[in-house]
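Below: the structure, in structure tokens.
The values are calculated or read from the model by the stated rules, or taken from the named source; none is laboratory data. Here the structure is a predicted model, which is why all the values come from computation and not from measurement. Every residue, glycine among them, receives a Cβ derived from its backbone with ideal geometry; neighbour counts consider all protein chains shown. To get the accessible areas, we keep the full protein, side chains included, count just its heavy atoms, and leave off ligands, DNA and RNA. Shrake-Rupley method; radii C 1.70, N 1.55, O 1.52, S 1.80 Å.
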Amino acid sequence: HLKTQLAAIALLGDDATAVQCTLFDKTADRNWLVALHQDTSIPASGDPSDAAMPIAVKEGARYVQPPVDVLESLLAVRVHLDDCGVDAGPLRVVPGSHRAGRLDGPAAQAMRDACGEAICTAARGDALAMRPLLLHASSRARLPVRRRILHFLFGPARLPHGLVWNLTEP
């Protein structure tokens with residue numbers, strides 16, 4: 001059980017829950033790139049009059065951009081369903097950038113220029129844990145291979161600041 005393993009190595013608290021799972025499925029026909037960014041939106045609802053927390057609707061679900069303290073409490077875990085070598089468009093991360101808070105575009109580029117990037121290759125079955133504020137990007141695959149990843153987002157069962165997870169029961 002993924003949550004139990006993450007709690008055992010102190011990456012998650014006992015009250016953590018999986019709040020989102022996204023399948024990334026890169027193929028020769030669907031071979032996209034992702035520019036350098038942080039994950040700053042979460043599947044949650046809040047007070048729509050709170051201008052400090054922008055709200056967006058993605059695929060019919062509400063997302064907010066919560067304060068940094070909320071983003072720092074989250075953990076994303078990417079489980080690789082296929083091998084992902086250097087030619088498969090692997091994730092690239094800026095080490096330590098998750099500790100710099102929310103960064104705008106120029107600050108993100110400056111941090112990448114100063115700190116460099118690490119390429120995250122993986123074998124089938126590997127898992128990569130990262131904080132959502134970690135600067136990350138990926139290139140298009142140079143070889144036509146399939147690269148599937150399950151991207152789980154874990155967070156506290158109860159959110160602060162009047163936020164509520166957008167969860168649906170199975």
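Key figures for this structure:
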quantity: Rotationally averaged projected area of segment 92-170 (alpha carbon convex hull; nm²); calculated: 8.1 nm²
quantity: Between helix 105-115 and the chain: long-axis angle, C-alpha atoms, 0 to 90°, nearest 10; calculated: 50 degrees
quantity: Listed residues 150, 41, 77: farthest to the positive end of the dipole of segment 1-156 (Cβ charges); calculated: 150
quantity: The chain, accessible surface, carbon-and-sulfur percent (1.4 angstrom probe); calculated: 54 percent
quantity: Net charge of neighbours whose Cβ lies under 12 Å from the Cβ of residue 25, counting Lys and Arg as +1 and Asp and Glu as -1; calculated: +3
quantity: Per-bin percent of Cα-Cα distances, the chain [5 Å]; calculated: 1, 8, 16, 19, 20, 18, 12, 4, 1, 0
quantity: Most to least packed among 74-87, 154-167 [average Cβ atoms within 10 Å]; calculated: 74-87, 154-167
quantity: Solvent-accessible area per residue for the chain (1.4 angstrom probe, square angstrom); calculated: 55 Å²
quantity: By average C-beta atoms within 10 angstrom, highest first, the peptides 92-102, 30-40; calculated: 92-102, 30-40
quantity: For the chain, calculated [θ]222 nm from helices alone, where every DSSP H run of n ≥ 4 adds -39500 (n - 2.57); calculated: -3500 deg cm²/dmol
quantity: FRET efficiency, 1/(1 + (r/R0)^6) with R0 41 Å, evaluated for residue 99 and residue 148 via beta carbons; calculated: 0.85
